[in-house]
1. Would you list the helices (runs of 4 or more DSSP H) that sit entirely within the stretch 135-219 and hold 2 or more residues that are touching a His at 6+ places or on another chain (Cβ under 9 Å) and touching a residue at least 12 places away in the same chain (Cβ under 8 Å)?
2. Would you check if Lys111 is more than 18 Å from the chain's Cα centre (by Cα), outside any helix (DSSP H, G or I) and free of Cβ contacts under 8 Å to residues at least 40 places away in the same chain?
3. Filter the stretch 114-134 down to the residues that are among the aliphatic types (A, V, I, L, M) and either more than 16 Å from ligand 1 (Cβ to nearest atom) or not in a loop (DSSP other than H, G, I, E, B) (or both) and list them by number.
4. Which of (1) in contact with a helix residue (DSSP H, G or I) (Cβ under 8 Å, 6 or more places away or on another chain); (2) buried (at least 22 other Cβ atoms within 10 Å of the Cβ) is the odd one out, the single condition Glu67 does not satisfy?
5. Regarding the stretch 119-141, can at least one residue be identified that is of a type in the set (S, T, N, Q), surrounded by 14 or more Cβ atoms within 10 Å (Cβ to Cβ), at pLDDT 95 or above and more than 17 Å from Val92 (Cβ to Cβ)?
6. I'd like to check something: does the stretch 1-21 contain any residue that is more than 16 Å from ligand 1 (Cβ to nearest atom), modelled with pLDDT under 95, within 20 Å of Ser218 (Cβ to Cβ) and of a type in the set (S, T, N, Q)?
7. Any chance you could count how many residues in the stretch 164-181 are buried (at least 17 other Cβ atoms within 10 Å of the Cβ) and either within 12 Å of ligand 1 (Cβ to nearest atom) or within 16 Å of Leu7 (Cα to Cα) (or both)?
8. Among residues belonging to the stretch 76-113 that are crowded, with 23+ Cβ neighbours inside 10 Å and touching a helix residue (DSSP H, G or I) at 6+ places or on another chain (Cβ under 7 Å), point out the one that is farthest from Phe146 (Cα to Cα).
Amino acid sequence: MNLEKPLLAPSILAADFSCLGEQIRQAEAAGANRIHIDVMDGQFVPNISFGIPVIQSIRKVSKIPFETHLMINTPDLLLEEFANAGSDTLIVHVENTPHLHRTVQRIKGLKKKAGVALNPATPLGTIEEILPELDLVLIMTVNPGFGGQKFIPATLEKIRRLSEQLLARKLSPEIEVDGGVDETTAPQVVRAGARVLVAGSAVFGHPQGIAEGMRRLSI
Ligand code: DX5
Ligand code: ZN
């Protein structure tokens, strides 16, 4: 069991884009450890969000690390651009990255942290060989593409198994979870072994505001 306090990575997908800089400032002031940036291309996932220019602009208003979750096909083509825009970690999906080892080495070559994301139906076995190279594993706890979806409880067992495997193999990439994380599911994923919690709606959509949303996720 992971007894450390989890790190919080608010996802700006749920933020008010008309005042995005201000929303990020508030999340940072409330103790956000990093900002989670969901990039969607309308191909790999059935939705489009935002891209490089938005990351460049928000980089100017925040000093905390940015992690960019690339839900796009052929992410290799744009790794350098996303790195230069101000990302500290680049997360690619195993499902659409056939030469994952090469992609991870490229990310490291750009002096960025390398993360790999797994959709709910993708087995942990797909990252068995690459695990020693990773800084972060992102376990999707919803099917990617939209904020505000319901947490898939079967993913808890997957988080638990990954946590055990890392311990047995003495590896230490961070286990991060993404999707449907709120004050009810946060303690469950942390007990299962998650170290970093991504939360969109529970932070930026909280009726009492961003700081209160963050506070309720702090376990
Ligand atoms: C989903 C994205 C998530 C999303 C989470 O495809 O990867 O990061 O913003 O949103 P919530 O926390 O609302 O489920
Ligand atoms: Zn995400």
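The values are calculated or read from the model by the stated rules, or taken from the named source; none is laboratory data. Note that the structure is a prediction, hence the values are computed from the model and not measured. Cβ placement follows ideal geometry from the backbone for every residue including glycine, while neighbour counts extend to all protein chains displayed.
1. Values: elements: 155-168, 185-192, 201-204, 210-217.
Result: 210-217.
2. Working: more than 18 Å from the chain's Cα centre (by Cα): yes; outside any helix (DSSP H, G or I): yes; free of Cβ contacts under 8 Å to residues at least 40 places away in the same chain: yes.
Considered against the rule, which asks whether it is more than 18 Å from the chain's Cα centre (by Cα), outside any helix (DSSP H, G or I) and free of Cβ contacts under 8 Å to residues at least 40 places away in the same chain, Lys111 comes out as yes.
3. We begin by selecting, within the stretch 114-134, every residue among the aliphatic types (A, V, I, L, M); these are 114, 116-118, 121, 124, 127, 130-131, 134.
Those that are among the aliphatic types (A, V, I, L, M) and either more than 16 Å from ligand 1 (Cβ to nearest atom) or not in a loop (DSSP other than H, G, I, E, B) (or both): Ala114, Val116, Ala117, Leu118, Leu124, Ile127, Ile130, Leu131, Leu134.
4. (1)
5. Checked the stretch 119-141: at least one residue is of a type in the set (S, T, N, Q), surrounded by 14 or more Cβ atoms within 10 Å (Cβ to Cβ), at pLDDT 95 or above and more than 17 Å from Val92 (Cβ to Cβ).
6. Taking the stretch 1-21 first, the residues more than 16 Å from ligand 1 (Cβ to nearest atom) are 1-5, 18-19, 21.
Remaining after also requiring modelled with pLDDT under 95: 1-5.
Among the residues that remain, those that are also within 20 Å of Ser218 (Cβ to Cβ) are: 1-5.
Applying the additional criterion that residues be of a type in the set (S, T, N, Q) yields 2.
The answer is yes; a qualifying residue exists.
7. The number of residues fulfilling the criteria is 9.
8. Ile107
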